[in-house]
Structures are given as structure tokens and as C-alpha cells.
Amino acid sequence: MKELAKQFIGKECIVYTVTGSDGIVKGTIKDVADDGIIIERGDGIEAVNLEYVTRIREWPRNANGKKKAIFD
């Protein structure tokens, strides 16, 4: 997962974790270390353990470059 997560450095992403229905972290991935990723959000920086990450998704954008709504 570490090598896969490195593809998203510098991109605005949605990170899904195994912690339930509220296990979504939205922000820009700044760094990927051995066991975790650093995500910059509007209100600060957050670290997420890679063992609990199930999916990383780049925020989808429309043809104009604006963020699309997410319905998961």
C-alpha cells in the first residue's frame, strides 16, 4: 500500500479507512512513510496509519476542473 499511496502525493484525495461509515479523510496527501500517510486538511494536518487504509481515491473533477460531488 505504501508504494501505491506514493502515487497520490501532492494530490487532493479521499482516504477510506476501516473505522466504519465515518472513516473518510479528505485532504491533500503530503508525505507517505513506512506505516502512515500525512494528510493536510483545511483545519490542520492529520496522520493516518496505512494498516487501516482500505482505499485512496483522487478527488474527481469535471471538465472545468471543479470538484465533483461525492456520493459514497
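Read-outs throughout are calculated quantities, based only on the coordinates presented, and are distinct from any laboratory measurement. All of these numbers come straight from a predicted model, not from anything done at the bench. Every residue, glycine among them, receives a Cβ derived from its backbone with ideal geometry; neighbour counts consider all protein chains shown.
Key figures
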quantity	calculated
For the chain, the fraction of alpha-carbon pairs in successive 10 Å shells from zero, as %	20, 54, 24, 2
Count of lysine pairs in the chain with Cα separation under 22 Å (8 or more residues apart, or interchain)	17
Of the chymotrypsin sites (Phe, Trp or Tyr not before Pro) in the chain, those whose Cβ has at most 16 other Cβ within 10 Å and which sit in DSSP loop	F71
Cut-off 19 Å (backbone N to label point 7 Å along Cα→Cβ of L4), residues of segment 42-58	48-58
Trypsin sites (Lys or Arg not before Pro) within the chain: DSSP coil, no more than 10 neighbouring Cβ in 10 Å	K66, K68
Long-range amide H partners of W59 with built H, under 5 Å	E12, C13, I14
Ascending count of other beta-carbon atoms within 10 Å, so fewest first, for I29, I56, I38, I70	I70, I38, I56, I29
